[in-house]
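Working notes, structure below.
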Amino acid sequence: MPELPEVETTRQGIIPKVINQTITSVVINQYDLRWPIPKTLKTALTGATIKQITRRGKYLLFETSSGTLLIHLGMSGRLLIQPKKHTFAKHEHVNIIIANDCALCYIDPRRFGAILWTKENPHEHKLLKHLGVEPLEREFNGTYLFNQTQKHKTTIKQLIMDSHIVTGVGNIYANEALFLAGINGRVPANSINKKRCDLLVKSIKKVLTKAIKMSGTTIRDFATSSGKPGGFQNALQVYGRTNNPCKKCHTPIQELRLGQRSTFFCPKCQM
DNA sequence: CAGAATACCTGCGGGC
DNA sequence: TGCCCGCAGGTATTCT
């Protein structure tokens with residue numbers, strides 16, 4: 001579910017509620033996520049103070065006085081801020097109770113997400129160390145993308161969704177950015193010239209930035225930290241719009257599969 | 001080595 | 001109404 005804008009929306013929503021707060025207790029109802037939640041997590045977190053929350057790709061990094069909590073939302077995860085309580089919703093796997101009696105609730109029906117703990121530099125963690133560049137940073141530019149396209153033989157859509165090249169662009173925003181750039185996702189990455197790479201980079205940044213402003217996209221599971229849906233689903237140009245008219249030229253949107261992922265495009269606007 | 005397929009898991013919508 | 005199939009905002013691991 002959550003791509004970069006949803007993770008960033010979550011981060012921004014949680015920050016004012018938990019920064020400089022101390023964790024008073026931790027309730028774990030389900031240890032089996034993508035990887036098991038460390039047995040030591042409860043002990044490690046209890047009494048720790050949350051200093052800041054940062055983001056690397058789709059990972060949230062809770063930097064505390066005693067180590068870093070890493071959270072990934074997988075496909076169906078959400079993080080909510082709720083008043084402290086004693087009963088739990090279905091799939092509410094973890095509750096982190098903060099001193100001001102509010103709880104950070106981790107809910108994830110499919111359990112593809114992860115909750116991990118490290119005392120080391122989190123950026124050296126196995127899962128973060130090999131991630132590609134941040135799409136909204138200056139290092140993600142036309143030159144970088146063009147160099148990458150020359151090194152790989154896959155399609156342009158699969159390339160921009162490869163988190164080891166650029167991290168945070170998932171299926172929705174890959175589809176939307178390619179539409180905005182007028183590029184068909186199935187073309188080989190190494191057939192895209194520098195000028196089109198410049199345009200695609202701009203399109204990715206534009207789509208992600210707008211989606212963050214609109215608090216992300218809610219198709220099914222995603223909710224902001226207050227439990228409300230995002231707003232970007234109303235701005236989608238192609239994702240999920242098979243057979244509906246293109247918003248630019250009215251040609252029916254087509255669908256195909258690339259790397260096992262649904263791909264939506266306008267056959268006239270995207271070449 | 002790169003690229004493609006598989007695996008993890010639950011819920012839901014469509015077809016019969 | 002109910003069962004079965006395929007699909008869903010991800011990505012590490014295994015395969016070819």
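Conditions (1) in a loop (DSSP other than H, G, I, E, B); (2) within 15 Å of DNA strand B (Cβ to nearest atom), marked per residue:
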site	(1), (2)
A:Asn234	no, no
A:Gly240	yes, yes
A:Lys248	yes, no
A:Phe264	no, no
A:Lys268	yes, no
Any residue at all in segment A:160-167 that's crowded, with 16+ Cβ neighbours inside 10 Å, assigned to a strand (DSSP E or B) and without any contact (Cβ under 8 Å) to a residue 40 or more places away in the chain? yes
Only one of these conditions is not met by A:Thr224: (1) within 16 Å of DNA strand B (Cβ to nearest atom); (2) within 15 Å of the chain's Cα centre (by Cα); (3) among the hydroxyl-bearing types (Ser, Thr, Tyr). Which number is it? (1)
Given the conditions (1) more than 15 Å from A:Thr10 (Cβ to Cβ); (2) in contact (Cβ under 8 Å) with a residue 60 or more places away in the chain, which single one is not true for A:Gly47? (2)
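Being crowded, with 18+ Cβ neighbours inside 10 Å and not β-branched (Val, Ile, Thr) narrows it down to one residue among A:Gly142, A:Gly182, A:Gly132; which is it?
On the way: A:Gly142 fails: crowded, with 18+ Cβ neighbours inside 10 Å; A:Gly182 fails: crowded, with 18+ Cβ neighbours inside 10 Å.
So the residue among A:Gly142, A:Gly182, A:Gly132 that is crowded, with 18+ Cβ neighbours inside 10 Å and not β-branched (Val, Ile, Thr) is A:Gly132.
Does A:Glu8 qualify as being away from DNA strand B (no atom under 16 Å from the Cβ), crowded, with 20+ Cβ neighbours inside 10 Å and modelled with pLDDT of 95 or more? Reasoning before the result, please.
Details: away from DNA strand B (no atom under 16 Å from the Cβ): yes; crowded, with 20+ Cβ neighbours inside 10 Å: yes; modelled with pLDDT of 95 or more: yes.
Yes: the conditions hold for A:Glu8.
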Here the residues within segment A:139-157 that are more than 16 Å from DNA strand B (Cβ to nearest atom), in contact with a helix residue (DSSP H, G or I) (Cβ under 9 Å, 6 or more places away or on another chain) and not in a helix (DSSP H, G or I) are A:Phe140, A:Asn141
In segment A:228-251, what count of residues is obtained for those that are in contact (Cβ under 8 Å) with a residue 60 or more places away in the chain and within 13 Å of DNA strand C (Cβ to nearest atom)? 5
Failed condition for A:Ala189, given (1) touching a helix residue (DSSP H, G or I) at 6+ places or on another chain (Cβ under 9 Å); (2) within 16 Å of DNA strand C (Cβ to nearest atom): (2)
Residue match in segment A:157-177 (condition: over 27 Å from A:Gly74 (Cα atoms), of a type in the set (Lys, Arg) and at pLDDT 95 or above): no
The conditions are (1) more than 14 Å from DNA strand C (Cβ to nearest atom); (2) assigned to a helix (DSSP H, G or I); (3) in contact with a helix residue (DSSP H, G or I) (Cβ under 7 Å, 6 or more places away or on another chain), and A:Leu136 fails exactly one of them. Which is it? (2)
For A:Asn243, all conditions in the list (1) touching a helix residue (DSSP H, G or I) at 6+ places or on another chain (Cβ under 9 Å); (2) under 20 Å from A:Lys268 (Cβ atoms) hold save one; what is the number of the exception? (1)
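The values are calculated or read from the model by the stated rules, or taken from the named source; none is laboratory data. For clarity, every value in this text was computed on a predicted model and none was experimentally measured. Glycine also receives a Cβ, built like all others from the backbone with ideal geometry; neighbour counts cover every protein chain displayed.
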